[in-house]
Structure formats: C-alpha cells, structure tokens
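Shown next, in structure tokens, is the structure this report addresses.
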Amino acid sequence: MAFMTIKEDLHKKRAHEMGTILLEINQCTKDFHENRCEPETRLPAVEEYCLQVEKCMLQDPMKVVQSSKMTAALIAEIINEFIDPLGFKAIGVFFLFFVTYFFLSFFLILLFEIVLFSLIEATETPKNMQNMNNHFLKTEETVSFKNFLICILL
C-alpha cells in the first residue's frame with residue numbers, strides 16, 4: 001500500500017514537473033522568435049543570450065522528468081515529511097526499538113545455533129563411544145582402567 005502511494009506521488013510530481021518544463025519551453029520558444037535568435041538574423045550582441053534560449057527551447061522534457069535526481073528528491077521529501085512531525089522522543093523510541101530488535105534477533109539466532117549444535121553433539125556421542133569401545137575390544141592390548149576413563153571422557 002505504501003509503495004503504491006509513493007508511486008502515485010512520484011507520478012504526480014513528474015506530471016507537475018513536465019507541465020512546468022513545457023511552460024518553460026514555450027516561453028523560451030517565444031523569446032527565441034521575439035528576439036530574432038534564428039542563426040540568419042541573430043545579432044552579435046545577443047549571441048550568448050540566444051544560445052541559452054535555444055538550449056532551453058530544445059531541452060527534452062521526458063529526459064528531465066525521468067531523471068534519478070528528481071526521484072531521489074521526492075524520496076527525500078517524503079522522508080522529511082514523515083520525520084518532521086515526529087519529536088526527538090519518538091525518533092529515539094523508534095531507534096531504541098530497532099536496536100533492541102536487532103540484538104534480540106542476533107541473540108535468538110545464537111541461542112538456536114547453540115541448542116542445535118548441542119543436540120547434534122548429543123546424538124553423535126554414543127556413536128563415538130561405541131567406536132571407542134569397539135577399538136578397545138579389537139586390540140588385544142591391556143588397557144588400564146585410568147586410560148579407559150580418560151578416553152571415554154574425551
């Protein structure tokens with residue numbers, strides 16, 4: 001829903017900018033003809049002015065309207081309109097909420113990993129003990145009780 005609203009605002013802003021640019025182009029075209037800025041009739045004294053008016057007259061309104069600079073300006077305007085009515089306390093509460101959420105998520109993920117690894121270790125330990133016992137049974141060496149306990153505890 002918010003994305004559609006932003007998209008609609010962007011469309012309205014582009015339409016407004018397009019109208020403004022078209023009015024500017026019309027004014028530049030009128031000035032171009034009134035000041036006789038055609039290359040054949042152009043006076044040397046107004047050469048620089050005529051070049052500026054010609055550049056204004058020949059600009060592409062679609063290129064200006066679809067620029068990323070205008071989109072970034074609109075997004076910045078939306079963010080400012082959202083933040084301006086909020087006080088410092090509200091912004092602080094939002095910041096505290098997001099920091100708490102971040103650390104709580106990190107802690108829960110860490111806790112989940114610890115539990116998961118301890119469960120994996122717990123299921124593998126009897127297999128390891130069985131392998132150790134089989135190893136001691138296969139070897140015909142005499143193992144002292146002390147060494148046997150050390151091997152099991154490791």
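The values are calculated or read from the model by the stated rules, or taken from the named source; none is laboratory data. Computed from a prediction, not measured in an experiment: that's the story for all the values here. Because the Cβ atoms are built from the backbone with ideal geometry, glycine has one as well, and the counts that use them run over all protein chains shown.
If you go through region 58-67 one residue at a time, do you hit one that is at pLDDT 85 or above and farther than 30 Å from Leu10 by Cβ? Checking region 58-67: not a single residue is at pLDDT 85 or above and farther than 30 Å from Leu10 by Cβ.
Restricting region 34-45 to residues that are exposed (fewer than 12 other Cβ atoms within 10 Å of the Cβ) and within 50 Å of the chain's Cα centre (by Cα), which is modelled with the lowest pLDDT? So the residue we want is Pro39. Every condition in (1) farther than 30 Å from His11 by Cβ; (2) at pLDDT below 85; (3) of a type in the set (A, V, I, L, M) is met by Met70 except one, and the failing one is (1).
Within region 52-72, the set of residues being of a type in the set (A, V, I, L, M) and within 21 Å of Leu23 (Cβ to Cβ) comprises Val53, Met57, Leu58, Met62, Val64, Val65, Met70.
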